[in-house]
1. Checking understanding here: applying a Kyte-Doolittle mean of at least 0.0 and a length along the axis of at least 27 Å (C-alpha), which whole DSSP H helices in the chain pass?
2. Rounded to the nearest 20 Debye, what is the dipole magnitude of the chain about its Cα centre when Lys and Arg each give +1 and Asp and Glu each give -1 at the C-beta?
3. So if I place +1 on the C-beta of Lys and Arg and -1 on the C-beta of Asp and Glu, and nothing else carries charge, what would the dipole magnitude of the range 161-255 be about its Cα centre? I want it in debye, nearest 20.
4. Please list, ordered by chain and number, the residues whose modelled amide H lies under 5 Å from the amide H of V186; skip anything fewer than 5 residues away on the same chain.
5. As a test of the formula, what do you get for the chain when each DSSP H run with n ≥ 4 contributes -39,500 (n - 2.57) and the sum is divided by the residue count, at 222 nm and rounded to the nearest 500 deg cm²/dmol?
6. Please compute the contact order of the range 4-160 in relative form: average sequence separation of alpha-carbon pairs under 8 Å and at least six residues apart, divided by the residue count, as a percent.
7. Is there a quick way to get the dipole size of the range 109-193? I mean about its Cα centre, with the Cβ of Lys and Arg at +1 and of Asp and Glu at -1; what is the value in debye to the nearest 20?
8. For the range 118-255, what does the relative contact order come out to in percent, with C-alpha contacts under 8 Å and a separation of six or more?
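Just so it is clear, none of the values below were taken in a lab; they were calculated from the coordinates. Note that the structure is predicted; figures quoted are calculated from it, not measured. A quick note on method: Cβ atoms are made from the backbone with ideal geometry, for glycine too, and the neighbour counts reach across all protein chains shown.
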Amino acid sequence: MQLVNKTALITGGASGLGFATARNFIDAGANVMLFDLDPTRLQDAAQKLGGKAAYASGDVCNEQQVADAIAQAKQQFGSLDINVNCAGIATAAKTVGRNGPMALDGFEKVVKVNLIGTFNVLRLCAEAMQGNDGSDDGERGVIINVASVAAFDGQMGQAAYSASKGGIAAMTLPIARDLAKTGIRVMTIAPGIFETPMMAGMPEEVRKPLIEMVQFPHRLGNPDEFAQLAAYIVQCGYLNGETIRLDGGIRMQPR
């Protein structure tokens, strides 16, 4: 699928990996619907991206808010062809710590936002995509989910985060199989440690050990590199049902 004149709904699109992907897609000729929680950041992001960007504020776990954003994208741009799910949260807590076991509601919140929220958005986007005219191959849409290297080698304190991201990786193939007859491809990117606003605010004593775990290039990832991979997945029609690590060869240590 070429990006020219296609429309993408990008969750977590107001900053970080989502914003970089939106910028890349627009530069390639696509329209973008940004979906995020913070309306002020969304408005600022959309203004930076120009007239091919629209935005809707909402929660990825809220069915009606997601459905409204999809309807807005279709009304404004004519179709919905691509979905990139960058929205997510991360908290750190040991299974049993000094004050007892990890709070169950904390575990549930991470899984709800990262895993259930991703599934909620993609299922509604897939429903909208199945009505698109198919390409010569019968392709009607592309869905890209975002897991993490923590899905495979999570660190201490990452039980909830790793479970949520591991679930995204694990559901990639069955969802691709579910949607094959409708011509919708499903892929997952598992990023390593990227230079996002969240990481930029971390102290050097936190950043340095993470960089040391990266094999080559010996640095944090650039969000533009994530965006380049997302664009390639859209354009390469034979990629389907797989998770791609984008991590500079990092293998996370226990802590």
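1. Working: long enough: 159-179 (29 Å, 0.54).
Long hydrophobic helices here: 159-179.
2. Values: 22 positive and 25 negative charges, 91 e Å.
Roughly 440 debye for the chain.
3. In total the dipole reaches around 320 debye.
4. I143, G241
5. -13000 deg cm²/dmol
6. In percent, rounded to a whole number, it is 24.
7. Values: 8 positive and 7 negative charges, 80 e Å.
I would put it at about 380 debye.
8. 30 percent
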